[in-house]
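The values are calculated or read from the model by the stated rules, or taken from the named source; none is laboratory data. Small disclaimer: the values here were computed from a predicted structure and weren't measured. Cβ coordinates were reconstructed from backbone atoms using ideal geometry, including for glycine residues, and neighbour counts include every protein chain displayed. All accessible areas refer to the heavy atoms of the entire protein, side chains included, with ligands and DNA or RNA removed. Shrake-Rupley method; radii C 1.70, N 1.55, O 1.52, S 1.80 Å.
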Amino acid sequence: MVQRNKNFAKLQAGYLFPEINRRKNEFMANNPQADIISLGIGNTTEPLQPSVVKALKDAADSMATVEGYTGYGDEQGMTALREKIAEKMYSGGLVDADEVFVSDGAKCDTGRLQMLFGEDVTIAVQDPSYPVYVDSSVIMGQTGEYNKHNDQFDNIVYMKCTAENGFFPTLEKADIIYFCSPNNPTGAVATKEQLTQLVNFAKQNGSIIIFDAAYAEFISDPDLPKSIYEIEGAKEVAIEVCSFSKPFGYTGVRLGWTIVPKALKFDDGSSVHGDWNRIMTTIFNGASNIIQTATINVLNDQGMAEMRELVDYYMENARIIKSALDEYGFTTYGGKNAPYIWVKIESMDSWQAFSYILDNAHIVTTPGAGFGPAGEGYVRFSAFGHRDNVIEATKRMAKLKI
Ligand code: PGU
């Protein structure tokens, strides 16, 4: 018999979102008449925009011809797409095209990044944070055991992000620092000063930052940084993971990218870019050529304008949810330059609040504790629903007595 990867035994329960789905399905089985509204997982619901659909059809048609057919492509992504991403998603020459590695999404790259560092590094996460950072580092073997008394793994530094510190943590030493802005789940967006502090801290301590910018396009305030590379010196200390999932509605289409700057080095002077290239060429065979070709053809003024429409639609949902919850007396955070609303719950713990809201309003949310110990006492509302459902949900929220 083959020995199980011992790190799996350290993981607690299943991955957060399937676990929520399981509880939702259980509720539906017991309450078949209930009309459930999901404001839980951040999963897009609006159809693809017209230019995207046309570009996808054209790309598929092209594959039907001998001249247009392509098979395996460059593992790093099509050159034209890498150039377009550098040009359209990073203004002012912040990144070079050959620093852009196209992928099948930010989650997948976050997992693959574990391979870049191996099991001997220490990691720090914002607490609460997107659960993939902690779970994937547990699987890689970077952590010790889970401690029930504080809901923390040994060998992970949890940097608390609370209302008291404006959701920007006291920075703590670790080899790898995960940082997500706009933040999932708190909806907080780090200012230029805060990111400067982060970059300087990483420089002083020889850390590498993994900056998750999956929600960058949801920032409308021009003073807030969309990319870590807007901060001077960031290219020597940071990798940025990003995605078309949320702004283009590509959650099921699958396309993202990671920026690995050429200036980023390991302690022996070797190139992080070189090793990432080695990982991608060895275990990744490129994102779908149809999706890549289509996206090259929508990264223009028309396509970007349609992307803005989609983002504005979800941000109007966020405004509606936040203002309803505020009106009903809840303390809420986020929802302004981020598609998540982080809601304080005083009277019960966050899994109890999840069940209470599901039972009484038939709305699925995400319990804050699922994002880490400092998420206890909160629930997350996602703005990625259909407008009618969002409005109906806000009416039902009036009944919530928590
Ligand atoms: N990074 C962050 C911070 C995210 O919140 C998500 C999705 C991703 C990356 C995934 O990006 P892809 O490019 O689509 O891979 N978070 C959602 C969905 C749950 C999940 O497991 O990804 C959420 O509800 O938090």
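For segment 37-70, name all the residues that are small (Gly, Ala, Ser), outside any loop (DSSP other than H, G, I, E, B) and open to solvent by 30 Å² or more (accessible area, probe 1.4 Å). If you could, list the steps in order and put the result at the bottom.
First pass over segment 37-70, keeping only residues small (Gly, Ala, Ser): 38, 40, 42, 51, 55, 59-60, 62, 64, 68.
Among the residues that remain, those that are also outside any loop (DSSP other than H, G, I, E, B) are: 38, 51, 55, 59-60, 62.
Of everything in segment 37-70, those that are small (Gly, Ala, Ser), outside any loop (DSSP other than H, G, I, E, B) and open to solvent by 30 Å² or more (accessible area, probe 1.4 Å) turn out to be 38, 60, 62.
Right, residue 278: assigned to a loop (DSSP other than H, G, I, E, B) and open to solvent by 10 Å² or more (accessible area, probe 1.4 Å) or not?
Numbers: assigned to a loop (DSSP other than H, G, I, E, B): no; open to solvent by 10 Å² or more (accessible area, probe 1.4 Å): yes.
Considered against the rule, which asks whether it is assigned to a loop (DSSP other than H, G, I, E, B) and open to solvent by 10 Å² or more (accessible area, probe 1.4 Å), residue 278 comes out as no.
A Cβ distance below 7 Å, combined with a sequence gap of six or more or placement on separate chains, defines the contacts here; from segment 71-84, residues that are in a loop (DSSP other than H, G, I, E, B) and open to solvent by less than 50 Å² (accessible area, probe 1.4 Å) reach residues that are of a type in the set (Ser, Thr, Tyr) and at pLDDT 95 or above in the pairs 75/281. Residue 254 meets the conditions (1) on the phi < 0 side of the Ramachandran plot; (2) in contact with a Gly (Cβ under 8 Å, 6 or more places away or on another chain); (3) within 16 Å of the ligand (Cβ to nearest atom) in every case but one. The failed one is (1).
Tell me yes or no: at least one residue of segment 279-287 is under 22 Å from residue 129 (Cα atoms) and within 16 Å of the ligand (Cβ to nearest atom). No, every residue in segment 279-287 fails to be under 22 Å from residue 129 (Cα atoms) and within 16 Å of the ligand (Cβ to nearest atom).
Take segment 85-107 and flag every residue that is assigned to a strand (DSSP E or B) and either open to solvent by 40 Å² or more (accessible area, probe 1.4 Å) or not hydroxyl-bearing (Ser, Thr, Tyr) (or both).
100, 101, 102
If you go through segment 305-363 and keep only what is of a type in the set (Val, Ile, Thr), open to solvent by less than 30 Å² (accessible area, probe 1.4 Å) and assigned to a loop (DSSP other than H, G, I, E, B), you end up with just 345. For segment 383-402, name all the residues that are open to solvent by 70 Å² or more (accessible area, probe 1.4 Å) and assigned to a helix (DSSP H, G or I). The answer is 388, 395. Within segment 92-132, the set of residues being near the ligand (Cβ under 9 Å from one of its atoms) and under 21 Å from residue 206 (Cβ atoms) is empty.
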